[in-house]
Amino acid sequence: MTQALHLTNARLVCPAGGERDGELLIVDGTIVSGEAPSHAERVDCRGKLLAPGIIDVGVARIDRAAARAGGVVRVAPMPDQVPVLDEPGAVQRLALIGRPDLWIHPIAAATRGLAGTDLAEMAICLSAGARAVGTGRGWIADSGVMHRVLMYARDLDVVVVTHAEDGGLAAGAVATEGETATRLGLPSAPALAEPLAIARDLMLAEETGARLHLRCVTTAAGFALVRAAKVRGVRVTCGVTPAYLLLSDNAMSDFRTFAHLSPPLRSEDDRKAALAALADGTIDLLCSGHDPRGPEEKRLPFADASAGAADAATLLPLALGLARDGRVTLTRLFGLLAQGPAALLGLETGTLAAGMPGDVILIDEHAPWQIDADRLPGKAGNTPFDGLPVQGRVTAMWKGGRAIAG
């Protein structure tokens with residue numbers, strides 16, 4: 001007998017079809033149209049939001065509990081894992097460990113050991129399950145190597161995911177150059193480090209015809225470069241995390257290391273530019289940048305603490321806040337959270353259309369709660385949004401039509 005799930009009385013939000021009240025039928029793991037069979041399991045959604053499961057691109061760690069809490073059904077981890085994802089065995093192992101609840105689509109290393117010198121075996125890693133290649137937390141400084149990476153990726157028709165920050169300028173910095181860094185006495189680098197790196201990578205992508213994804217753009221100058229490149233027809237996309245939309249470097253003023261991020265938080269003008277880029281479509285993906293760090297890495301002087309935030313569990317409520325504030329529509333929001341990431345990775349998913357996998361989340365968009373770093377599910381709770389009141393919780397989640405327990 002076929003397995004069938006009939007979700008009724010829902011407010012469906014689909015990036016490809018807009019918002020509507022209705023129902024959704026999933027048969028044998030796939031969304032279908034038509035009448036529900038008599039034996040189907042029926043779930044009354046009671047008017048709550050029913051949306052595609054979130055696809056989180058560029059996570060630093062695999063964290064199932066945080067992903068479940070945040071409505072994340074698929075993740076694309078960066079290549080700087082242990083071991084580095086520069087050989088097929090490591091890629092294949094990682095691609096298989098999350099199933100069936102969490103599907104993992106690795107980003108393979110573009111260079112061996114992420115050293116930025118010798119090209120890794122991209123084609124073999126792709127055959128082992130990688131869906132993209134990337135530079136990890138660092139930038140490839142050698143333009144000749146980056147040119148070869150892009151040429152090879154173009155021939156393989158795979159996207160290159162890069163961290164755009166000129167290491168020569170940013171080395172040793174923990175803050176963006178400006179009033180806050182000066183007042184706190186923190187090692188800083190000019191925000192120029194980002195657009196310098198972006199400009200080089202865009203020129204190489206334009207010359208080679210390769211697909212380029214800038215994992216996290218955070219500066220006004222960076223967004224301007226991406227915007228102009230898209231007009232020229234460069235095959236470029238970019239992402240951002242909520243931190244750079246909602247926080248400026250003022251959040252570092254009390255030396256709280258939860259605000260120590262990579263790239264570092266930027267100026268208020270850059271934050272406003274990020275919101276403008278979200279509104280005008282320059283930004284293609286919204287991701288968490290999930291990088292859980294325990295107290296042994298965060299309870300240190302700011303300059304000595306590790307960069308990173310654990311925000312997979314907070315991505316959805318923070319994103320819903322952007323929609324409530326009128327920054328984006330709900331339809332566009334789930335384009336940023338699901339359809340866009342799926343397209344980037346070449347996955348046939350991310351919408352509620354017939355024929356797509358039954359990866360869906362049920363959301364109580366009005367459920368109030370307060371982010372508490374000590375109580376966040378997952379490996380650690382080092383979030384710069386600690387203490388922030390938010391609205392929106394995942395109340396149920398299905399992967400291929402199968403319920404995932406909380």
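When Rg and Dmax are taken over the Cα atoms of the chain, they come to 20.6, 68 Å. For the stretch 305-380, the set of trypsin sites (Lys or Arg not before Pro) satisfying both a DSSP loop assignment and a count of at most 14 other C-beta atoms within 10 Å is given as R375.
With a ≥ b ≥ c taken as the square roots of the eigenvalues of the C-alpha gyration tensor of the stretch 52-210, please select rounded if a/c is under 1.5 and otherwise prolate if a/b is larger than b/c or oblate if it is not? The shape class here is oblate. Loop-located trypsin sites (Lys or Arg not before Pro) across the stretch 39-121 with a Cβ neighbour count of 12 or fewer within 10 Å are R46, with loop assigned by DSSP.
Contact order for the stretch 1-84, expressed relative to its length and based on alpha carbon pairs under 8 Å spaced 6+ residues apart, stands at 28 percent. A prolate overall shape is assigned to the stretch 147-191, the ratio a/c of its alpha-carbon gyration tensor axes (a ≥ b ≥ c) being 1.5 or greater and a/b exceeding b/c. Of all DSSP-defined beta bridges confined to the chain, some 50% are antiparallel rather than parallel.
Which of the aspartates and glutamates could be linked to K379 by a straight reach, that is with a Cα gap under 19 Å, when you skip same-chain ones fewer than 8 residues away? K379 reaches D56, D63, D80, D101, D291, E296, E297, D311. Under the convention that each Lys and Arg Cβ holds +1 and each Asp and Glu Cβ holds -1, the size of the dipole of the stretch 204-263 around its Cα centre is about 280 debye. Each of S288, A273, G233 was placed along the dipole of the stretch 188-315 (beta-carbon charges, centred on the mean Cα), and the one lying farthest toward the positive end is G233. Sites listed here are GluC sites (Glu not before Pro) in the stretch 4-68 whose DSSP assignment is loop and whose Cβ has at most 13 other Cβ atoms within 10 Å: E35. Each pair of Cα atoms in the stretch 194-294 enters the Kirkwood radius, and Stokes-Einstein at 25 °C and 0.890 mPa s then converts it into a translational diffusion coefficient of 175 µm²/s.
Taking 21 Å as the straight-line reach from the Cα of K399, the lysines in range (excluding those fewer than 8 positions away in the same chain) are K48. Taking the Cα centre of the stretch 28-112 as reference, the dipole from Cβ charges on Lys and Arg (+1) and Asp and Glu (-1) amounts to some 180 debye.
Cα-based radius of gyration for the stretch 1-122, normalised by 2.2 N^0.38 Å, reads 1.39.
Placing unit charges on the Cβ atoms only, positive for Lys and Arg and negative for Asp and Glu, gives the chain a dipole magnitude near 480 debye about its Cα centre. Shown for the stretch 219-325: the carbon plus sulfur share of the solvent-accessible area, taken with all protein chains present and a 1.4 angstrom probe, equals 53%.
The residues of the chain have, on average, 39 Å² of accessible surface per residue, using a 1.4 Å probe with all protein chains present.
The values are calculated or read from the model by the stated rules, or taken from the named source; none is laboratory data. The shown structure was predicted, so the numbers you read here are calculated from the model rather than taken from an experiment. For neighbour counting, all protein chains shown are included, and Cβ atoms are generated from backbone atoms with ideal geometry for every residue, glycine included. These accessible areas exclude ligands, DNA and RNA; they are computed on the full protein's heavy atoms, side chains included. Shrake-Rupley method; radii C 1.70, N 1.55, O 1.52, S 1.80 Å.
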